[in-house]
1. Count neighbours as other Cβ atoms within 10 Å of each site's Cβ, and list the trypsin sites (Lys or Arg not before Pro) in segment 148-219 that are DSSP loop with at most 13 such neighbours.
2. For segment 161-219 and segment 32-97, what is the centre-to-centre distance using only Cα atoms, to the nearest Å?
3. Could you give the size of the charge dipole of the chain about its Cα centre, using +1 on the Cβ of each K and R and -1 on the Cβ of each D and E, expressed in debye and rounded to the nearest 20?
4. Would you mind computing, in nm to one decimal, how far apart the modelled labels at Glu65 and Gln46 are, each placed 7 Å from Cα along Cα→Cβ?
5. At q = 0.07, 0.17, 0.18 Å⁻¹, what log₁₀ I(q)/I(0) does a Debye calculation on the Cα points of the chain give, no solvent, two decimals?
6. Can you pull out the trypsin sites (Lys or Arg not before Pro) in segment 8-105 that DSSP calls coil and that have at most 16 other Cβ atoms within 10 Å?
7. Could you tell me which residue out of Gly169, Thr138, Ala107 lies farthest along the dipole of segment 2-217 toward its positive end? Charges go on the beta carbon: Lys and Arg +1, Asp and Glu -1, centred on the Cα centre.
8. If you add up the charges near Phe164, with Lys and Arg at +1 and Asp and Glu at -1, over every other residue whose beta carbon is less than 14 angstrom from its beta carbon, what do you get?
Amino acid sequence: MHVKVCGLREPENILAVAQLPVDWLGFIFYAKSPRAVKPKLAAWLQEQEVALSGQKRIGVFVNAEIDEVLNAVHDFELDLVQLHGDESPEYCQLIRNLMETTSMRKAQLMKAFQVGEGFDFDQVYPYAAHCAYVLFDTKGKNYGGNGEQFDWELLQQYQGVTPFLLSGGIGPEDAETVRAFRHPQLYGIDLNSKFENAPGIKDTGLLKHFLESVKHELS
């Protein structure tokens, strides 16, 4: 079970989170988000090669211009691009083609979907050729960060081969529910707002206790 902590933006807090058994550090490149990163963070991250060598870096984008995505992959040394808007399979294919046919830094892709009652999982499958992962979040008024959970049992309708991350309002009180959830393509969980003292500032104590409760139980 892989763990992603998303919405990081402050250097000291990033270093503290990196000391926990976390696999992916998530950075948001969406100006409307209260957790959006500042450009100056790129230089700091480049200086942390050793301190942050244990985790991969994920950049979250919402309907961004492709040049913006590619520049962030280079500047922030991202390993994975999470597309959290209305990006099409063709958009994903174009990004992959540009990465694979040029000398620019390579990153995997993950497409996010907002799930609610009546969600059509058939719309996920065309992304399988371009995305290494998908992420299932809660359908809400915002593209993400709604802080609410959807009915995880809906995911039993997902018959795809692409591994997925479970997202949307997972909090400290959900350790038992996470332990109990089963799906053959479940790859990891995405933690964000429920583990914060303020937008972009994670409570490492809450994270540590939660991870101790769930991670050793999952594989």
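Values in this text are rule-based calculations from the coordinates and carry no lab data. The shown structure was predicted, so the numbers you read here are calculated from the model rather than taken from an experiment. Counting neighbours? That spans all protein chains shown, and the Cβs are built from the backbone with ideal geometry, glycine included.
1. On the way: sites: Arg179, Arg182, Lys194, Lys202, Lys208, Lys215; in loops: Arg182.
Passing both the DSSP loop test and the Cβ count: Arg182.
2. 21
3. Here the chain has a charge dipole of around 340 debye.
4. Going by the 7 Å Cα→Cβ label model, 2.1 nm.
5. Log10 I(q)/I(0), no solvent term: -0.19, -1.28, -1.44.
6. Values: sites: Arg9, Lys32, Arg35, Lys40, Lys56, Arg57, Arg96, Arg105; in loops: Arg9, Lys32, Arg35, Lys40, Arg105.
Sites meeting the loop and neighbour criteria: Lys32, Lys40, Arg105.
7. Among Gly169, Thr138, Ala107, the one farthest towards the positive end of the dipole of segment 2-217 is Ala107.
8. +1
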